[in-house]
Amino acid sequence: MALCTVTILPDDRVLEVESGSLLLQACFSQGVAIDSPCGGRGTCKKCRVIVDGKEDLACKVIVDRDMSVEIPEDSRLQKQQVLLDKPGEGLRALKWELKALNPIAQRITLRLDMPTLDENTNDLDRVRIALRKHFGADSLISLNALQRLPEVMREQNGVITATMVFNGRFWKMIEIVSGEAQRPLCGLAIDIGTTTVAISLVNLETGVELAKRGRYNLQSVFGSDVISRMIYAEEKGDDGLQQLHKASIDTINELIEGLLEATELQRTDIKAAVVAGNTVMTHFFMGVSPKYLRLEPYIPAAIEFPSAQARRLNLGIHPDAFVMTMPNVASYVGGDITAGVLATGLHEIQGDIALFLDIGTNGELVLGNAEWMMTCACSAGPAFEGSGIACGMRAMDGAINAVEIDPDTWEPRLSTIAQQPPAGICGSGLIDVLAKMRAAGVIDRSGLFNRKAETSRLRFLDGEAFYILAYAGEYGNDKEIFLSEDDAKNILRAKGAVFAGIKVMLDNAGLDFSAIDRVIIAGGFGSFINVSDAIEIGLLPDIDEAKFSYVGNRSLHGALELLLDRAKIHSCRDIANGMTYLELSNGNHFMEEFVSAMFIPHTDLSLFPNRYR
């Protein structure tokens, strides 16, 4: 096969690409990730590149010659960042909650009697007997540790330190050194979201969080939602599955490299990892096909996956480290929700009824308390993650997250994350914009624009209306930022799906909105959301705003809890097994509620008694 040279600008990086390859996939395979929310189908127009001076889409360009390709900043996945707490902040409450440090990896120093002619027990059995005394049960030993055992045992006359890792059911020795261990003993908590991935590095002997990192999930090049990625994997067969698996591992390994650089640790210092992700992300991470998750009756390959050695997954930590995944609940409610419930303590709430919301590309909801829990997943689509919206972006510096609109002039005042020049609109900003546009009369309850107003902020093209939030250069921004009528419809669909999911759960429990005592909003999206505006557009129920609280990334927090307290594996299993899962595609109740919720705030205004009397 002939090779073509592709020069990536402004990096001046040169790629050798097989002639006939799609530019999008060719770049991705060599570590150049281009944003492609539609999975390379050419519908989102986000993979904009400039090929030999002409603008095109990376998913449409065939590499059939040597070419230069300029990738604009807003087309690059690797330039986008994920907002995180500072290292240690996420552990403050966690360290208070832990009764004792009880990590899933620990070191044990053994003082073994040396063999003699009279006492000739083999080396391995000596270790096993000593470990049985410590744990009260038999444990395993890795081949790598066994290969080192004879020499290590004799270096300091029988004094050895064994690194033991618990996989949820038994202990295994993965490393052995003579005398006392000198290197730190560390573990990783990993949250694999559909859009973003976050990891935290912890010293397992002290419980101190050393560093954390976050970035975009490189799987985004195959589509912004789990359905698109499952379709891609199915269409491409084994190659597609391996590409999705590799993208997940590559994302995490890049983050690990950043952690190691920041802490000057070695990858072999990381002896264990706990992973929380939705059911589809867990399948891809473990290299298991999620094909039948997408097909009725929507059955996953597994709910609780067996622990795997890091080497089997190509994860850049100690090769024999155990990698444990949080138990999933059902087809579209995964281990990230199990972790979130664990971290918030919803499963321990007495009396009160709590509603837990993790709203992203896939909106996952839990209703209940210590007595009962009900859960469902509603496909909100990528709107709240900034995808599927012409000027949408993720919650990062420069994202518009709040707006005020003068009702007389329709002139907007913008607020952005980190007070940077506006670069786009994030999910929480979209809610705020929609609420303020409705309040000012820019749009009606169905999301249609008011075409009668005379203002330069409103433009029309081929029958579609656009509201201009920022002219090019108005705030130091380099491009015009707007919300279109199509965008408004997408937001209404997303918010309608979430509200309908909440309504269906309450109906199934025989409750109404007044029964909710607490609303817990998790995830990065919830960090900036304006509750009042979210109620105004009908995303959240119209109840006392004092009942709402924000808890940040509870999925990562829950993974940290299990990493530092192995006994909580029983709680995780109880949580996952104890939730009643509602399959919203079964029957038409959800669809009826969804259609009713496609207005601002709803077709039934009696559901919003505090806003519409």
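The values are calculated or read from the model by the stated rules, or taken from the named source; none is laboratory data. Not measured: the values here are computed from a predicted model. Here Cβ is always computed from backbone atoms with ideal geometry, including for glycine, and neighbour counts include all displayed protein chains. Please note that ligands, DNA and RNA were not included when accessible areas were found on the heavy atoms of the full protein model with its side chains. Shrake-Rupley method; radii C 1.70, N 1.55, O 1.52, S 1.80 Å.
Descriptive notes on the structure:
- Using C-alpha pairs below 8 Å separated by at least 6 residues, the relative contact order for the chain is 12 percent.
- Each Lys and Arg adds +1 at its Cβ and each Asp and Glu adds -1 at its Cβ; summed about the Cα centre, the chain shows a dipole of about 840 debye.
- Unsatisfied cross-links (Cα-Cα over 31 Å) in the set LYS495/LYS568; LYS172/LYS291; LYS46/LYS436; LYS54/LYS495: LYS495/LYS568; LYS172/LYS291; LYS54/LYS495
- Residue among MET230, LEU112, SER178 farthest towards the positive dipole end of the chain, charges placed on Cβ: LEU112
- Beyond 16 Å, the tail of the calculated P(r) for the stretch 1-56 holds 44 percent of the Cα pairs.
- Ellipsoid equivalent to the stretch 466-519 - semi-axes via the Cα gyration tensor, in Å: 39, 13, 6
- Rg/Rh for the stretch 192-270 stands at 1.09; both radii use Cα atoms, and Rh follows the Kirkwood definition.
- The peptide list 242-250, 17-25, put in order of mean Cβ contacts within 10 Å with the highest first, becomes 242-250, 17-25.
- Within the accessible area of the chain (1.4 Å probe), percent carbon and sulfur: 48
- Among 591-601, 151-161, the peptide with the highest mean count of other Cβ atoms within 10 Å heads the list, and the full ranking is 591-601, 151-161.
- Of SER585, LEU562, SER596, farthest towards positive along the dipole that unit charges on Lys, Arg, Asp, Glu beta carbons give the stretch 516-613: LEU562
- Think of the stretch 405-498 as a dipole: +1 on every Lys or Arg Cβ, -1 on every Asp or Glu Cβ, centred on the Cα centre; then among ASN477, ALA494, LEU458, ALA494 lies furthest on the positive end.
- Each Lys and Arg contributes +1 and each Asp and Glu -1, all at the Cβ; summed about the Cα centre of the stretch 543-605, the dipole is approximately 440 debye.
- 222 nm mean residue ellipticity, helices alone, for the chain (DSSP H n ≥ 4; -39,500 (n - 2.57); rounded to 500): -9000 deg cm²/dmol
- Binned Cα-Cα distance frequencies in the stretch 460-552 - 5 Å width, integer %: 3, 11, 15, 19, 17, 12, 10, 7, 4, 2, 0
- Sorting the segments 404-417, 537-550 by their mean number of nearby beta carbons within 10 angstrom, highest to lowest, gives 537-550, 404-417.
- Taking only Cα atoms of the stretch 223-354, radius of gyration then Dmax in Å: 16.3, 50
- This model, with +1 at the C-beta of Lys and Arg and -1 at the C-beta of Asp and Glu, gives the stretch 431-539 a dipole about its Cα centre of some 160 debye.
- A viscosity of 1.567 mPa s and a temperature of 4 °C, combined with the Kirkwood radius over Cα pairs in Stokes-Einstein, give a translational diffusion coefficient for the chain of 50 µm²/s.
- Remark: the chain carries 41 Å² of accessible area per residue (probe radius 1.4 Å; ligands, DNA and RNA excluded).
- Residue-count net charge about GLY360 - beta-carbon cut-off 11 Å; Lys, Arg +1, Asp, Glu -1: -4
- Among the GluC sites (Glu not before Pro) in the stretch 418-518, those located in a DSSP loop and surrounded by at most 16 other Cβ atoms within 10 Å of their own Cβ are GLU454, GLU474, GLU480.
- At 0.890 mPa s and 25 °C, Stokes diffusion of the stretch 319-362 via Kirkwood alpha-carbon radius, µm² per second: 199
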